[in-house]
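This report refers to the structure that appears directly beneath it.
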Amino acid sequence: SVAVMSVDLGSEWMKMAIVKPGVPMEIVLNESRRKTPAVVCLKENERLFGDNALGVQSVKNPKTVYRYLQLLLGKKLSNPQVALYQKRFPEHLLQEDPQRGTVYFKYSDMQYSPEELLGMMLNYSRVLAQDFAEQPIKDVVITVPAFFNQAERRAVIQAAQMAGLKVLQLINDNTAVALNYGVFRRKDIDNNAKSVMFYDMGSGSTTATIVTYQTVKTKDSGTQPQLQIRGVFDRGLGGFEMDLRLRDHLAKLFNEQKKSKKDVRENHRAMAKLLKEAQRLKTVLSANVDFMAQQVEGLMDDIDFKAKVTRSEFEQLCADLFERVSQPVQDALTSAEMSMEEIEQVILVGGSTRVPKVQEVLLKAVGEELGKNINADEAAAMGAVYQAAALSKAFKVKPFLVRDAAVFPIQVEFSRETEEDGVKMVKHNKRILFQRMAPYPQRKVITFNRYTDDFNFEVNYGDLSFLSQEDLMFGSRNLTTVKLSGVGSSFQKHSDAESKGIKAHFNMDESGLLLLDRVESVFETIVEEKEEESTLTLGNTISTLFGGGSSEPAPNITEPDEEEVPPESGKDDKEQESNEEQKDEADKKKQDESEKSEPETENAEEQEEKDAEKTESTDIDKEADKKKTQKKSKISDEISVELIIHDIVDPSADDVLSSQKLQDLTDRDLAKQEREKTLNNLEAFIFETQDKMYQDDYQLVVSEEEQEQIVAKLREASEWMDEDGYSATTKELRGKLSELKSLCKDMFFRVEERRKWPERLASLESMLNTSSFFLRSARLIPEDDQIFTEVELNVLEKVINETTTWKNETVAEQEKRSPKERPVLLSKDIETKLGLLDREVNYLLNKAKFAKPKTKPKVKNGTSSDKSSKTNTTAEETVIPPTAESSDKTTTETSETKSNHVDDEL
């Protein structure tokens, strides 16, 4: 398998796309459409997904239907998002995981975490993709909202691992849209930066993203297009909130009708029906200004509900939401430090941008025409699958560089005891690791210069004051405590070397996940080089010319793709002074090396002064020569690291085994599907065969005794199906089906053979006629022009005769036999005879096709008749002797005519 897939994981829908050999970037179709509801239904004995789960079950038993799981990923029970989810879906019972503090769904004796449920949906998406691609798929790129934090991103990866998927990358959905837009406009991207804004309002959130497209030079692949992301969001603004307000409005209208004494808002099934109707109503009102009469049958207590809602009423219900539509645009411009004049186009993405009021408010905010030139539903899935193909080793795509942006700043915090005026105190320090909107993937290095023993430091979110209170859904802002051990022993081991600090190497990868690659203790020591022999020095000099033998000091310990984090203003004064002194010394050394020596003078007095100072300068030169033989060497020791996670603890080993539990559920579903398939096949076989027993074709070939036996067995099987068949195992159903097929096998064979005879015999008769005509034509070719040997023609003649004899004898014998007996004329034998004839004729035809015309040597003599003879011959004709000119000429023409006639027939 070489195919890869992408999953655009939205709040309400998920869209899949694949790339496989011969199929570049194609949206996956489910049973009916190009997008699938992100819903899973867990009943006692089965699981339903997509439209099957959202259809009847979401209304009939909403407690078993789970959706909008993005709100719960990577969240503790105390998180405000969990309370919001509980308010929106009161039918679900949420409880706290005692080990991780996260939530899980409790229903009957079943309990599942949001990650497990998401894993089920991802596995279902893979099943759809594999059926569409007709091959196994394991590698995937998954889209996530740009505002997903570290815990939420880890939760998505854990869910994919439970589904048995290998995540090539998590890509922000706004980035995937921008990539899809840029890939198809590669020719329009040059070294002049062009900025485009994508306004994406989906079901759960809104993102305004400013993307800058520009070509840049790279080391590996030359000049390539690149996109740079700058984006902000409004997490609570989305189409689902509009659906909920419409639902509540419909519930209010029903209560006002006072057809029931009960409050419809306390009935979960009734509210689920109203939510489904509200979602349909929002779509209708987006296309129609006038009100629409709505009716929900049997809403509650067998009472039908009918109401009228206009677009103006809908806009009034969501007035405060529409006021927030323009804010992400202003925030994006502020974040990017740009004005609206610098934006070339504003492009709409997401299903909720189809609401007319949203477009109206947005048009006033941007002051220019809104772009609708991309597929709002599928752009993210298509961009993600392009990235999947680029990351896969099986495909080669044109590079398109992506520089995403970290929405939340991350900083490192540490404390150290200091002493000022004899008073010991603890000083807290902070250093920004990744600024807000910092591009990634990117590596950073932080150096701790004042520690000589084991210590700890914290990795936390930075300043989040730019977020609204609704968006502060992190719970704990502390990410990780890093405990370092082995620092003290490292200093003891290298006590004679100069410390260059404890360096922590961080990496924010393509998925936006922060990783601590390693921590090392770095020292620098001076090593004296031995003076080398002249020949060795010459060798080193030669090798230096070819790139070796460099005598430069060791390079800076910061890796080429890493960035050293500069010291913060809160750093110790002594530490800052030390760094400044080191910088001054380096500048001074550089300045000294750049000074040029004074030119020599011819003045005798000056020369005498220089001679007098020769002894003193000799001592200085010796000291300089000694420094030249010294070389700095770097020493690094790996420091042991222990990570204590504060946001959401990763699953334990037992939790990881839940992937096996999900596999068991998948196996159970497959077993159930196999049983249902076998049951349907058995039912169909019984009913179809019972009907066939009364058809003329079958009554002709079956005896009365055989017919009675088959009919009795079919009746017995039908009665067994009514009593025990629907509860039987797959093995029992297969056994019953196999028994019936074995009983009817001979009858089906006789009917099938009689149906094939007319076509097969007609083909054989046609082939015999063609072969016979070909043989007669071939034998008419003159001996001089004959291209077939006598043996070849005799073989063909023999095959024709034997086939004709076999056909006549077998057909005659078959006519004597009863239709109820096994036939002697078999379709497979007819096909064998056809193949044999076809092989012999094709052999001769191919020989004639590639045969070269025969040539005869020309006869030369001195008579005057040669000239006359040559004028009557062509380039391919034989020269005729003069003694038989007239007669031979006639013969030659006749032979040529016959040869042409044969060629035409061939």
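The values are calculated or read from the model by the stated rules, or taken from the named source; none is laboratory data. Note that this is a predicted model, so its numbers are computed, not measured. In this analysis, Cβ positions are derived from the backbone assuming ideal geometry, glycine residues included, and neighbour counts consider all displayed protein chains.
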Please go through segment 691-706 and pick out each residue that is within 14 Å of Leu743 (Cβ to Cβ), touching a residue at least 24 places away in the same chain (Cβ under 8 Å) and of a type in the set (D, E, K, R).
Glu706
Name the residues in segment 691-729 that are in a helix (DSSP H, G or I) and over 25 Å from Glu821 (Cβ atoms), would you?
Arg715, Glu716, Ala717, Ser718, Glu719, Trp720, Met721, Asp722, Glu723, Gly725, Tyr726, Ser727
Taking the criterion of being in the same structural domain as Asn801 (by TED's automatic domain parsing), within 15 Å of Arg675 (Cβ to Cβ) and not in a helix (DSSP H, G or I), would at least one residue in segment 732-748 satisfy it?
no
Can you tell me which residues in segment 778-797 are assigned to a helix (DSSP H, G or I) and touching a Leu at 6+ places or on another chain (Cβ under 7 Å)?
Ala778, Arg779, Glu792, Leu793, Leu796, Glu797
Just checking, which of Gln387, Gln327 is in contact with an Asp or Glu (Cβ under 8 Å, 6 or more places away or on another chain) and polar (S, T, N, Q)?
Gln327
Within segment 355-413, the residues that are in a strand (DSSP E or B), of a type in the set (A, V, I, L, M, F, W, C) and within 24 Å of Val7 (Cα to Cα) are Leu401, Val402, Ala405, Ala406
Taking Val177 as the residue in question, decide whether it is touching a helix residue (DSSP H, G or I) at 6+ places or on another chain (Cβ under 9 Å) and either at pLDDT below 90 or outside any helix (DSSP H, G or I) (or both).
no
Keeping to segment 228-268, report how many residues are over 30 Å from Met197 (Cβ atoms) and either hydrophobic (A, V, I, L, M, F, W, C) or not in a helix (DSSP H, G or I) (or both).
12
Tell me whether segment 26-46 contains one or more residues that are part of a helix (DSSP H, G or I), surrounded by fewer than 21 Cβ atoms within 10 Å (Cβ to Cβ) and free of Cβ contacts under 8 Å to residues at least 60 places away in the same chain.
no
Answer residue from segment 335-347, given it is without any contact (Cβ under 8 Å) to a residue 40 or more places away in the chain and part of a loop (DSSP other than H, G, I, E, B) and is farthest from Ser312 (Cα to Cα) among those
Glu337
For Gly298, all conditions in the list (1) modelled with pLDDT of 85 or more; (2) under 23 Å from Lys63 (Cα atoms) hold save one; what is the number of the exception?
(1)
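Yes or no, residue by residue, for (1) at pLDDT 85 or above; (2) over 27 Å from Asp248 (Cβ atoms):
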residue	(1), (2)
Asn30	yes, yes
Ala38	yes, no
Glu46	no, yes
Lys75	yes, no
Ala83	yes, no
Lys87	yes, no
Arg100	yes, yes
Phe105	yes, no
Asp109	no, yes
Please tell me if Val7 is out of contact with any His (no Cβ under 7 Å at 6 or more places or on another chain), at pLDDT 90 or above and β-branched (Val, Ile, Thr).
yes
Of the conditions (1) within 30 Å of Trp806 (Cβ to Cβ); (2) surrounded by 16 or more Cβ atoms within 10 Å (Cβ to Cβ); (3) within 55 Å of the chain's Cα centre (by Cα), the single one that Phe749 does not satisfy is (2)
Taking only segment 348-367 into account, find how many residues are touching a residue at least 12 places away in the same chain (Cβ under 8 Å), touching a Leu at 6+ places or on another chain (Cβ under 7 Å) and over 17 Å from Ser203 (Cβ atoms).
1
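What about Asp496, is it assigned to a loop (DSSP other than H, G, I, E, B), at pLDDT 90 or above and more than 35 Å from the chain's Cα centre (by Cα)? Talk me through it step by step, then tell me what you get.
On the way: assigned to a loop (DSSP other than H, G, I, E, B): yes; at pLDDT 90 or above: no; more than 35 Å from the chain's Cα centre (by Cα): yes.
It is false that Asp496 is assigned to a loop (DSSP other than H, G, I, E, B), at pLDDT 90 or above and more than 35 Å from the chain's Cα centre (by Cα).
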Does any residue of segment 64-74 turn out to be farther than 27 Å from Gln673 by Cβ, among the β-branched types (Val, Ile, Thr), over 29 Å from the mean Cα position of the chain (by Cα) and assigned by TED's automatic domain parsing to the domain that holds Met14?
no
From the option list Tyr386, Tyr451, Tyr461, single residue qualifying as farther than 18 Å from Arg230 by Cβ and either in the same structural domain as Arg230 (by TED's automatic domain parsing) or among the charged types (D, E, K, R) (or both) is Tyr386
Are any residues in segment 66-78 surrounded by fewer than 23 Cβ atoms within 10 Å (Cβ to Cβ) and in contact (Cβ under 8 Å) with a residue 60 or more places away in the chain, and if so, which ones?
Tyr68, Leu71, Lys76, Ser78
Just the residues that are touching a residue at least 24 places away in the same chain (Cβ under 8 Å) and surrounded by fewer than 17 Cβ atoms within 10 Å (Cβ to Cβ), please, taken from segment 716-733.
Ser718, Tyr726, Thr729, Thr730
What pairs can you find where one residue is in segment 415-429 and closer than 13 Å to Phe457 by Cα and of a type in the set (Ser, Thr, Tyr), the other is surrounded by fewer than 10 Cβ atoms within 10 Å (Cβ to Cβ) and modelled with pLDDT under 85, and their Cβ atoms are less than 8 Å apart, with a gap of 6+ or different chains?
Ser415/Val426
Evaluate segment 204-212: report whether one residue or more is touching a residue at least 24 places away in the same chain (Cβ under 8 Å) and not in a strand (DSSP E or B).
yes
Please go through segment 192-229 and give me each residue that is crowded, with 23+ Cβ neighbours inside 10 Å and farther than 16 Å from Ala380 by Cα, ordered by number.
Tyr213
